[in-house]
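Worksheet for the structure shown next.
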Amino acid sequence: MSTLVSFSEYAAHIGSSAPYVSKLRKQGRLVIVIDANGKERVDQELTDRLLKNTADPSRAGNGANAKPSAGTTISSNIIESGKVNEVFMRAKSAEAVHRAKLLEMKYKTLSGKLLDTDEVHQTQFELARQVRDAMMSIPPRLQDVLAAESDPSVVGALLTAEIRLALETAAKQTGGDIEEIDIDIESASDMETDN
């Protein structure tokens, strides 16, 4: 049977102060039991085990500053099985991995390697709309000229010039490389003449 002691008795047992025991209580690191008189008592043996198993190894020798992650609760069956240390270490490891991922994301965002997906989608939508508008404005501008032209090579040259103009305008608005557009248009023109 476990020994039930008062908070001040437990402080004396671990060689610490009453405020430190109060701190342990706030952290949820005391096993508290209500005795027959309705008073809160510390289960000395289970609390000793709990403190031993939840001590942060990275703060070895400085137990006064060891504190579990917020919201840590430990069920009595885990305490009794002696697996508290294993559970605690897994939780600390998962927390460290999560913190590292957040720091990496923050670094990539600040260095410009990681962008907000909503901003990317909005920019992509606006670019597609600009290109569509530029391409849709070609037929009204050229319809009369093309209808009067009977030479297919002149029609092709007129269309190529208008398409190039529309794509160059879109590229300038978005900061794109016009030379890449020229290469793409020339490749498309070469494929048409081969057919």
(message) How would 34, 163 line up from fewest to most surrounding beta-carbon atoms within 10 angstrom?
(response) 34, 163
(request) Report the net charge of residues surrounding residue 13, where surrounding means a beta-carbon distance below 13 angstrom and charges are Lys +1, Arg +1, Asp -1, Glu -1. (result) -3
(request) Grab the beta carbon distance between residue 169 and residue 142, set R0 = 22 Å, and tell me the FRET efficiency rounded to 0.05. (result) 0.90
(request) Taking the Cβ of each residue in 113, 106 as the centre, tally the other Cβ atoms inside 10 Å and list the residues starting with the fewest. (result) 113, 106
(request) Could you work out how far the C-alpha centroid of the range 1-45 sits from that of the range 111-132, in angstrom? (result) 59 Å
(message) Cut-off under 19 Å on the C-alpha distance; same-chain residues fewer than 8 positions from residue 92 excluded. Which lysines are left, in chain and number order?
(response) 52, 67, 83, 101
(message) Using each residue's phi in the range 38-52, evaluate 6.51 cos²θ - 1.76 cosθ + 1.60 at θ = phi - 60° and report the 3J(HN,Hα) Karplus result to the nearest Hz, with x for Gly and Pro.
(response) x, 9, 6, 10, 9, 6, 4, 5, 5, 5, 4, 5, 4, 5, 5
(message) Please give me the summed charge of the neighbours of residue 47: other residues whose Cβ is under 12 Å from its Cβ, Lys and Arg +1, Asp and Glu -1.
(response) +1
(request) Find how much the distance from residue 52 to residue 98 grows on full extension, using 0.36 nm per residue of separation minus their present alpha carbon separation; answer in nm with one decimal. (result) 14.0 nm
(message) Given R₀ = 45 Å, what would the calculated FRET efficiency be for residue 113 paired with residue 157, taking r from the Cβ atoms and rounding to 0.05?
(response) 0.60
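Each reported figure results from applying straightforward, stated rules to the coordinates on display, with no laboratory input. None of the values given here were measured: they were computed from a predicted structure. Positions of Cβ are backbone-derived with ideal geometry, glycine not excepted, and every protein chain shown enters the neighbour counts.
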